[in-house]
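Take a look at the structure set out below.
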Amino acid sequence: MKTGKRYMLCVLAGMAWTLAAGTAAFPQAAKKEIQIIKTEHLGALTDWKSDDQAFKGSPQGLAIHGRTAVLMRDGGQVNLIDLKKKKVVSVYKADMGRAHCNNAGFGKEKVKGGLLPLLYVTECYGQRRCFVLDVRKDSARVVQEIYYEDPAYKGPLDWCVDPEEGFIYAYGGPLAGRFLKKFRLPALADSDADGKVTFTDEDVLETVTFQDVRVPQGSMVRKGLAVIPQGCPPLERNLHFIDMATQEKLLVMDLSDFDIEPEGIDRKGNWIYLSFFSKDKEVNTNLYRIKIKVR
């Protein structure tokens, strides 16, 4: 080991430079920014359906895959939609009991011969399950049920999937502390003999918390960004953008000029798709999309 005076001066100078450099030597991650580019009204579903198709239940969860959308309604009705043609392809009831269906999202896994990836639909109340559906043109069957046993929280529970990253999130909690709890997205092969998967606190990979979301609606997490719609009249209606890494709320977008109540949400590229319960009962459901830029 060198112990000369000149060597020690060099060591001390190097330490001083490192301390002074601080964040220059170890730069902090840049803060994300959300820019709203434009919004579009895609249309009213009543204008897209045929005369022999009848909607039943308020519009709820919305899921997008390519040009296909699935709108779920309170009570379990499925509306299969061709977005390019602006056409409701089929309308039928899925066998899920009295599920509220307030959120829906596609995963990546498909069953053999499946038309679409598996669809994850929120029960919300009751047993607060996530129903995993194999959706076909004229029918849908439950192929898995996902549960979360949370001893500390017994309120409504939402479920959203991040298929690209392979995670599923449970969304709930009181006004003072909403949470998104992250779990590994189970495969169908992970089901028990009854077709069920049950999460406990030991399975939670991460918990993100935030406040000031009144009357929670759907939920979505993609590419490290959570987008949370809220509200119904006379309360404010907003869209919350939350950085999952920093748990920081990046933007709160006012939705009061869109329609009466935001419901389902999904993302395709840089577009956020939203279903709205309409103030016009004859229209019933409006679809909008919002183009964003994340930088």
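Radius of gyration over Kirkwood radius for the chain, both on Cα atoms: the Rg/Rh ratio is 1.11. Computed over the Cα atoms of the range 235-283, the ratio of the radius of gyration to the Kirkwood radius (Rg/Rh) comes to 1.04. Relative contact order of the chain: 18 percent, from C-alpha pairs under 8 Å at least 6 residues apart in sequence. A simple spin-label model places pseudo-atoms 7 Å from Cα toward Cβ; at Arg214 and Arg295 they are separated by 3.4 nm. The C-alpha atoms of the chain define a longest principal axis, and helix 5-21 lies at about 30 degrees to it.
Take every DSSP beta bridge whose two residues both sit in the range 30-294; close to 95 percent of them are antiparallel.
Extent along the principal axes, Cα only, for the range 93-185: 44, 31, 18 Å, with the longest axis given first. Between Asp257 and Asp203, the modelled labels are 4.4 nm apart [label points 7 Å from Cα along Cα→Cβ].
Just checking the listed ones, Gly113, Gly224, Gly76: in the Gaussian network model of the chain with Cα springs under 10 Å, the one fluctuating most is Gly113. Using the Cβ-Cβ distance between Ile37 and Leu175 with R0 set to 35 Å, the FRET efficiency from 1/(1 + (r/R0)^6) comes to roughly 0.65.
Share of pairwise Cα-Cα distances greater than 18 Å in the range 150-227 is 42 percent (whole percent). If r is the Cβ-Cβ distance from Asp138 to Val283 and R0 is 22 Å, what FRET efficiency results, to the nearest 0.05? Computed FRET efficiency for Asp138 and Val283 comes out at 0.30. Dividing the summed helix terms, -39500 (n - 2.57) for each DSSP H run of n ≥ 4, by the number of residues in the chain produces a 222 nm estimate of -2000 deg cm²/dmol to the nearest 500. With the convex hull drawn over the C-alpha atoms of the range 202-265, the volume per residue is 95 Å³.
Fewest neighbouring Cβ atoms within 10 Å first, the residues Met220, Met253, Met72 line up as Met253, Met220, Met72.
A protection proxy built from the mean count of other Cβ atoms within 10 Å ranks the segments 78-91, 39-52, 145-158, most packed first, as 78-91, 145-158, 39-52.
The Cα-based radius of gyration and maximum Cα-Cα distance (Dmax) for the range 183-294 are 16.5, 48 Å.
Readers should treat all values here as calculations from the given coordinates under stated rules, not as data from a laboratory. These figures come from a predicted structure and were not determined experimentally. Cβ coordinates were reconstructed from backbone atoms using ideal geometry, including for glycine residues, and neighbour counts include every protein chain displayed.
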